[in-house]
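The values are calculated or read from the model by the stated rules, or taken from the named source; none is laboratory data. Bear in mind that the values here come from a model prediction, so they are computed numbers and not experimental data. No Cβ is skipped: glycine too gets one built from the backbone with ideal geometry, and neighbour counts run over all protein chains shown. Note: areas computed on protein heavy atoms with side chains; ligands, DNA, RNA excluded. Shrake-Rupley method; radii C 1.70, N 1.55, O 1.52, S 1.80 Å.
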Amino acid sequence: MTPAICLCSTMYPPTLGGVAGAAQRLAKMLRDLNFAVHVVTVQESDARPAGGLCSIMEDGIAVHRLTQSAISNSTKFALRDAILELDAKYSFQLFHGFFLPSAEPCLMANEAGTARRPMIASIRGNDVITLKDHPFHRTGILEILQKADWVTSVNQCYLDLVEQDVTVSGRASVIRNSVVPIAAGAQGWQLAQSNRGVVGMVGEFRKVKDVPLLVRAYASIPPDLRGGLMLAGFFTDQVEEEWTNALIDRFDLEAEVTRTGRFSPQSALDHLQALHVYVQCSAFEGMPNALIEAASLGVPLVATAVGGMAELLRDGETGLLVPHGDTAALTAAICRILCDDALARKLSAGSRSLAAQLSPQVERSEWGALYDHLLDQGSRRARSL
C-alpha cells in the first residue's frame, strides 16, 4: 500500500520565494519515491470565499489550496480543519510541516486523531529568529519542536540554536537544499563585455537579505569598475524598498540600477548569467536557493559569513566570505573579483564544484531514508498499541 503523506507548507507555487520552491521540489522527490503526496497550502485571494478548499492534481501530486483573504493567526486553525477533512478521506501515515508555522496545524490535526502518527518539522526561512526574538510565537514553536518526531534544517547552525531551548539531538538532521545541474553541453557562466562589472542579487527581497547594504557597497566601488547593479526580484517589505530607493537616489545610482520586479522561475538563470558577481549579503540565512543556483552556473560568489553560507562556502575557493554589516569588507570582496579575472575564473570553477555536491539525488535519498525510518517507527508503534 502506498503511504499517504500530508506535506503542509503555507508557501507553494505559484507563490514565489525559496520556501515555496523548496516545498515543491520536496513534493516531487517524494512522488518519485512512490509516496502518495498531498500538499496542503494557502492561496491568498479575495475573489473566492475564504475557507474553501480547492484540490487538483499537479504533476502527480495532490495539491489542496485553502483560500484565505490574507494569512493571519487564524489560518493555522483553518489549515488544521482542512488537514482533518483530508485525513478522514486519505488516512495520512505521516505529517510534515515544511516551515515551523506550517507544522502547527499538522500537530493539532495529528493530536486530534485516534492514533498518533510520525511528524516532521522542517526549520526554514526565519524560523529560528522567530523562536528567539518573537515572544508571541515562541510558545507555539517550542511545542512543535518538543513534540515533533524529527526536526530538519538546511544547516547545522540552526539546529545548534534550537538545541539551546529544546533538546533535538538524536532526532534531528541537516538536509541541505539541492540544485539541478545545468544540462550537459549547456553554457555556464562566462565573463563577457555584456556582464563585466555587473553586481547583483536575485530572489525575494525580504528585510533579512539586506539589499540596502548591497547598494552601499556598490556605491563604494570605483566608477570605472562598475557595470551596473541588478536587483532581480521583488521586495516583501515596503519600508525596506523605500529605504533601498532612497539610498539609490542618495548615491545618484538610478542610471546604473536594473529592477526586474517579479519574474518567472525560468528567467532566474538568465538574470544570474548577466552578473559578474553574485552577492548574498544577508543578516542571517538558511541556505538560499538563489545562491546555489548561481553556483550551479559558476557565477563568482560573495556572501556574508552567516548560517548555511558560512558552513558551505570555503573562503577564497568557492566564494568570498565577509562579515555581515561591514560595507567596506563587502565592497573590497566585490572589487577583488571585478579587478582580477583569474580570481573570477577560479571562484567560478569552485562554485560549480560546490553545486555538484548539492545534487537532487543526494537530497532525495536523504528525505527517502528519513521517511522510511519514521514510517517504520510509526508502524511499530501502532502494532504495540
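Taking Lys and Arg as +1 and Asp and Glu as -1, the other residues whose beta-carbon sits under 10 Å from that of Ile141 total -2.
For the chain, the mean residue ellipticity at 222 nm estimated from helices alone is -14000 deg cm²/dmol, where every DSSP H run of n ≥ 4 contributes -39500 (n - 2.57) and the total is divided by all residues, rounded to the nearest 500.
Under 5 Å between amide hydrogens, built in the peptide plane, is the criterion, and for Gln280 it picks out Val302, Ala303, Thr304 among residues at least 5 positions away or on other chains.
Proximity of backbone amide H atoms, modeled 1.01 Å from N, is registered between Ala62 and Val37, Val39 at under 5 Å, excluding neighbours fewer than 5 places apart on the same chain.
Summing charges over all other residues whose Cβ lies under 13 Å from the Cβ of Leu312, with Lys and Arg as +1 and Asp and Glu as -1, gives -2. Counting only DSSP beta bridges with both residues in the chain, what percent are antiparallel, rounded to the nearest 5? Around 10 percent antiparallel, to the nearest 5. The phi-based Karplus calculation (6.51 cos²θ - 1.76 cosθ + 1.60; θ = phi - 60°) puts the 3J(HN,Hα) values of the range 291-305 at 5, 6, 5, 4, 5, 4, 7, x, 6, x, 10, 10, 9, 7, 7 Hz, whole numbers, x for Gly and Pro.
A cut-off under 9 angstrom between Cβ atoms defines the neighbours of Gly350, and their net charge, with Lys, Arg +1 and Asp, Glu -1, is +2. Compute the long axis of helix 341-357 from its Cα atoms, compare it with the longest principal axis of the Cα atoms of the chain, and write down the angle in degrees, 0 to 90, nearest 10. Helix 341-357 sits roughly 10 degrees off the main axis of the chain.
Rounded to the nearest 10 degrees, the angle from helix 238-250 to the longest Cα principal axis of the chain is 0 degrees. Each residue of the range 316-330 was assigned a 3J(HN,Hα) from its phi angle through the Karplus curve 6.51 cos²θ - 1.76 cosθ + 1.60 (θ = phi - 60°); the sequence is x, 10, 9, x, 10, 10, 9, x, 6, x, 9, 4, 5, 5, 5 Hz, with glycine and proline shown as x. Here the Debye sum runs over all C-alpha atoms of the chain as equal scatterers in vacuum, and log10 of I(q)/I(0) at q = 0.10, 0.14 Å⁻¹ comes out as -0.67, -1.21. Calculated on C-alpha atoms, the gyration radius of the range 1-155 divided by its Kirkwood radius gives an Rg/Rh of 0.93.
Restricting the calculation to Cα atoms, the range 21-91 shows an Rg/Rh of 0.99 when the hydrodynamic-style radius is the Kirkwood one.
In the range 158-299, if the dipole is taken from +1 on Lys/Arg beta carbons and -1 on Asp/Glu beta carbons about the Cα centre, which of Ala183, Leu229, Ala246 is farthest to the positive end? The residue sitting farthest along the positive end of the dipole is Ala183.
Loop-located chymotrypsin sites (Phe, Trp or Tyr not before Pro) across the range 184-276 with a Cβ neighbour count of 16 or fewer within 10 Å are Phe251, Phe263, with loop assigned by DSSP.
Size check on the range 85-187: the Cα extents along the three principal axes, sorted descending, read 54, 38, 26 Å.
A cut-off of 5 Å between modelled amide H atoms, ignoring neighbours fewer than 5 places along the same chain, links Gly233 with Gly203, Thr260, Gly261. Accessible surface computed residue by residue for the range 103-242, with neighbouring protein chains in place and a 1.4 Å probe, gives 43 Å² per residue. Both the radius of gyration and Dmax for the range 63-131 are 12.2, 36 Å, in that order, over alpha-carbon atoms. Working from label points 7 Å from Cα in the Cα-to-Cβ sense, the Tyr90 to Arg262 distance is 2.6 nm.
Note on the range 150-282: Kirkwood radius taken over Cα pairs, Stokes-Einstein applied at 37 °C and 0.692 mPa s, translational D equal to 192 µm² s⁻¹.
Expressed as a whole percent, the accessible surface of the chain that belongs to carbon and sulfur atoms is 51, based on a 1.4 Å probe. Built from the Cα atoms of the range 275-385, the convex hull projects on average onto 8.2 nm², one quarter of its surface area.
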